[in-house]
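To start, the structure itself, in structure tokens.
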Amino acid sequence: MAKSKKAPTTRNAGTAIDIGISAGDRATIADGLAHLLADSYTLYLMTHNFHWNVTGPMFNTLHLMFMGQYTEQWTALDLIAERIRALGFPAPGTYKEFVKLASIKEVDGTPKALDMVRHLVSAQEATARTARSLFAAVEKANDQPTMDLLTQRLDVHEKTAWMLRSLLED
């Protein structure tokens, strides 16, 4: 699950957190959520970029679809970051941190409309895989709020990937 070597550090070391999840489990979950946040932010930025730059016969359809997707994604960023904070760790919030943590690579240039769709299918699926990779640690820690968040994110990413893939079929 986790790609980084060190666990995030708490900023509120003077205030003990006793929510029924051990410090080690909270660190593992927060680290996984940091990866999910990075993938989610990268996906958000990619989707917003494509919204701005899409052209061609499907312009209106894709422009509006991408807007709905990046708007939903923007809201999710806050939910993921706030869960990391509730577990007692700082949420990553810089491009530098996101580049290190994300499994999604940025797209160079301005792809054609259907290539944008292909990139977004890949990015949606990558984000779903990152979310899914957290379940074992979250279940072990009996962390229902994170489980609920992950389930909601998986539903959105898998459904969005399906809808985007549908545009690529003949």
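Looking only at region 124-141, which residues are in contact (Cβ under 8 Å) with a residue 60 or more places away in the chain, more than 15 Å from L77 (Cα to Cα) and in contact with a helix residue (DSSP H, G or I) (Cβ under 9 Å, 6 or more places away or on another chain)?
A126, S133, L134, A137, V138, K140, A141
Got at least one residue in region 144-163 being touching a His at 6+ places or on another chain (Cβ under 9 Å) and of a type outside the set (S, T, N, Q)? Explain how you work it out, then say what you get.
First, pick out the residues of region 144-163 that are touching a His at 6+ places or on another chain (Cβ under 9 Å): none.
Checked against the condition, which is being touching a His at 6+ places or on another chain (Cβ under 9 Å) and of a type outside the set (S, T, N, Q), region 144-163 yields no hits at all.
Tell me, please, whether a residue that is within 18 Å of the chain's Cα centre (by Cα) and closer than 20 Å to L167 by Cβ can be found in region 80-92.
There is no residue in region 80-92 that is within 18 Å of the chain's Cα centre (by Cα) and closer than 20 Å to L167 by Cβ.
Among the listed residues W74, W52, which satisfies the condition of being more than 14 Å from the chain's Cα centre (by Cα) and modelled with pLDDT of 95 or more?
Details: W74 fails: more than 14 Å from the chain's Cα centre (by Cα).
Step by step, each of W74, W52 is checked, and only W52 is more than 14 Å from the chain's Cα centre (by Cα) and modelled with pLDDT of 95 or more.
Looking at (1) touching a residue at least 24 places away in the same chain (Cβ under 8 Å); (2) within 24 Å of I21 (Cα to Cα), which is the only condition A113 fails?
Single failed check for A113: (2).
Among what's in region 54-74 and is of a type in the set (F, W, Y) and surrounded by 14 or more Cβ atoms within 10 Å (Cβ to Cβ), pick the residue that is nearest to T110 (Cα to Cα).
So the residue we want is F66.
Which residue is surrounded by the most Cβ atoms within 10 Å (Cβ to Cβ), if the candidates are limited to region 75-112 and must be out of contact with any helix residue (DSSP H, G or I) (no Cβ under 6 Å at 6 or more places or on another chain) and more than 30 Å from T15 (Cβ to Cβ)?
P111
Note down all Cβ pairs under 8 Å where the first residue falls in region 32-56 and is charged (D, E, K, R), the second is at pLDDT 95 or above and outside any helix (DSSP H, G or I), and they're at least six residues apart or on different chains.
That search, which allows pairs on different chains as well, returns D39/A102; D39/S103; D39/I104.
When region 120-136 is examined, which residues are found to be out of contact with any Asp or Glu (no Cβ under 7 Å at 6 or more places or on another chain) and buried (at least 21 other Cβ atoms within 10 Å of the Cβ)?
L120, A123, Q124, A131, L134
Please name all residue pairs, on different chains or six or more residues apart, with Cβ atoms under 8 Å, provided the first residue is in region 68-84 and is under 10 Å from S40 (Cα atoms) and touching a residue at least 40 places away in the same chain (Cβ under 8 Å) and the second residue is buried (at least 19 other Cβ atoms within 10 Å of the Cβ) and among the basic types (K, R).
A76/R153; I80/R153
Just one of T130, T146, T110 is at pLDDT 95 or above and part of a loop (DSSP other than H, G, I, E, B); which is it?
T110
Kindly evaluate E139 against the criterion of being surrounded by fewer than 16 Cβ atoms within 10 Å (Cβ to Cβ) and modelled with pLDDT under 95.
Judged against the criteria, E139 is not a match.
Take T146 and tell me if it is over 16 Å from D39 (Cα atoms), of a type in the set (S, T, N, Q) and out of contact with any Ser or Thr (no Cβ under 8 Å at 6 or more places or on another chain).
Taking the combined requirement at face value, the residue satisfies it.
Residues of region 82-109 being touching an Asp or Glu at 6+ places or on another chain (Cβ under 9 Å) and aromatic (F, W, Y), which ones?
Residues satisfying the conditions are F89, F98.
From the list A91, A30, which residue is under 20 Å from Q152 (Cα atoms) and either touching a strand residue (DSSP E or B) at 6+ places or on another chain (Cβ under 7 Å) or outside any helix (DSSP H, G or I) (or both)?
A91
The values are calculated or read from the model by the stated rules, or taken from the named source; none is laboratory data. All values reported here derive from a predicted model rather than from experimental measurement. Counting neighbours? That spans all protein chains shown, and the Cβs are built from the backbone with ideal geometry, glycine included.
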